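Read the structure below first, then the notes.
The values are calculated or read from the model by the stated rules, or taken from the named source; none is laboratory data. Since this is a predicted model, take the numbers as computed values, not measurements. Methodologically, a virtual Cβ is constructed for each residue, glycine included, from the backbone with ideal geometry; neighbour enumeration extends over all protein chains shown. Just the protein is used for accessible areas: all its heavy atoms, side chains included, with ligands, DNA and RNA removed. Shrake-Rupley method; radii C 1.70, N 1.55, O 1.52, S 1.80 Å.
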Amino acid sequence: MNFPDLHRHLGGATHPRILWGWIEKHGRETKTAARLRERFPDYAAFSFFFNRPFHDLADYLTVHHLVEELQAEELTYFTHRAVRGAAVFEALDYLELRFNPYKRTPAGLPEAERLALMPEAAQQVIRAAQTEFPIQTAFILCMDRGFSPTLNRQIIALAEQLPDVVAVDLAGPYQPGGPTLDQWVELYAEAQARGLHTTAHMAESDPTDIHPTLFPYLERIGHGIQIALHRPELLPELAERGICLEVCPTTYLRTNTLPDLAELRPVFERCTIAGVPISIATDNPALHGEAGKLVNEYEKLVRAEAIHFNDILTHAAVGYQHAFKKG
Ligand SMILES: [Zn+2]
């Protein structure tokens with residue numbers, strides 16, 4: 001059986017072994033590799049940084065900072081390996097890979113220079129995803145909670161220009177300085193007016209991170225589990241709008257959002273009753289060890305009795321139905 005994965009970050013898609021191999025090979029050639037060789041004496045220490053217990057979502061996201069900086073050194077190499085690995089080791093035949101194109105430019109440069117490099121960085125990722133293995137890949141560009149509205153608008157404009165980019169997302173750690181809710185509404189309205197599909201990280205680990213004002217502008221929600229757990233009265237609206245939740249089970253364990261996946265059972269039950277479609281996804285498989293493969297996400301949900309075995313077919317089908325295609 002093949003599966004679709006609609007929610008996977010480029011920064012969480014490269015196995016630490018591949019990253020470490022690159023660090024060892026280029027340890028004397030680049031500043032980033034040299035610094036990481038100094039910080040981590042060996043692979044055991046490096047992989048522990050990925051596999052250690054995290055305190056919360058913010059701690060979990062610190063791994064992204066390290067990986068983004070490293071991936072910016074050789075985007076093609078890392079992207080190609082992430083995509084072909086998904087096809088061969090995970091039986092994925094459809095993958096939506098998301099990344100923030102600005103964060104794939106060298107961190108030390110001034111903003112204007114990074115902006116000028118941003119289109120080429122995004123195109124490198126897209127080109128590198130072409131593989132001889134049977135997998136179709138589409139791309140989502142992530143806007144960031146900490147970026148100015150102007151910078152986020154540049155990401156929307158770039159998404160419109162690139163044929164393989166199908167959508168925009170709202171991601172990144174919670175931090176001051178980013179757009180207000182009204183400004184997010186404007187940004188999403190603009191994205192839709194430019195013909196882009198839309199998703200946003202929301203209601204992942206924080207029950208107060210629920211913003212119905214954005215619902216009219218979203219086709220999918222990244223996570224959204226807190227809506228089903230704490231604001232189930234909003235589920236009929238999601239169903240009416242046809243909004244699909246991208247549920248990534250292992251993430252909730254790794255971020256200490258849930259102690260056990262059995263707690264996702266009411267999420268699936270309430271969404272099924274209300275008619276809210278759920279697609280199962282991986283988020284950041286490289287941070288989840290062997291457990292991070294998509295089939296393992298399904299298996300863990302069945303073992304925790306959050307879903308029944310036969311529901312696997314339904315949720316896989318939802319993934320194909322709600323896949324973003326450029327219209
Ligand atoms: Zn995510």
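As a check on your grasp of the helix formula, calculate [θ] at 222 nm for the chain: sum -39500 (n - 2.57) over DSSP H runs of n ≥ 4, divide by the residue count, round to the nearest 500.
-14500 deg cm²/dmol
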Note on the stretch 179-299: contact order normalised by length, alpha-carbon pairs under 8 Å, 6 or more apart, percent, works out to 21 percent
Computed from every Cα-Cα pair in the chain, P(r) in 10 Å bins starting at 0 and rounded to whole percents is 6, 27, 37, 24, 6, 0
Computed for the chain: size of charge dipole around the Cα centre, +1 on C-beta of each Lys and Arg, -1 on C-beta of each Asp and Glu, debye to nearest 20, value 660 debye
Per-residue accessible area, 1.4 Å probe, largest first, puts LEU313, LEU196 in the order LEU313, LEU196
Out of ALA13, ALA128, ALA112, a Gaussian network model of the chain with alpha-carbon springs under 10 Å gives the largest mean-square fluctuation to ALA112
Result row for the chain, helices from DSSP H with C-alpha axial extent 20 Å or more and mean Kyte hydropathy at least -0.5, is 57-71, 75-90, 111-128
Per GNM of the chain with C-alpha springs under 10 angstrom, the most fluctuating residue out of LYS31, LYS103, LYS293 is LYS31
For the chain, averaging the sequence separation of alpha carbon pairs under 8 Å that lie six or more residues apart and dividing by its residue count, the contact order in percent is 19 percent
SASA check, ILE280, accessible area w/ 1.4 Å probe, all protein chains in place, rounded to nearest 10 Å², comes out at 0 Å²
For the stretch 1-97 the GluC sites (Glu not before Pro) that pass both the DSSP coil test and the at-most-10 other-Cβ-within-10 Å test are GLU29
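Round to a whole number: what % of the accessible area of the chain belongs to carbon and sulfur, probe 1.4 Å? Show your work: numbers first, answer last.
Values: 7250 of 13620 Å².
Carbon with sulfur: 53 percent of the solvent-accessible area.
Could you give the accessible area per residue of the chain, probe 1.4 Å, as a whole number in Å²? Please list the in-between numbers first.
Values: 13620 Å² over 327 residues.
Averaged over the residues of the chain, the accessible area is 42 Å².
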Among ASN284, LEU238, LEU253, the residue whose Cα sits farthest towards the positive end of the charge dipole of the chain (+1 at Cβ of Lys and Arg, -1 at Cβ of Asp and Glu, taken about the Cα centre) is ASN284
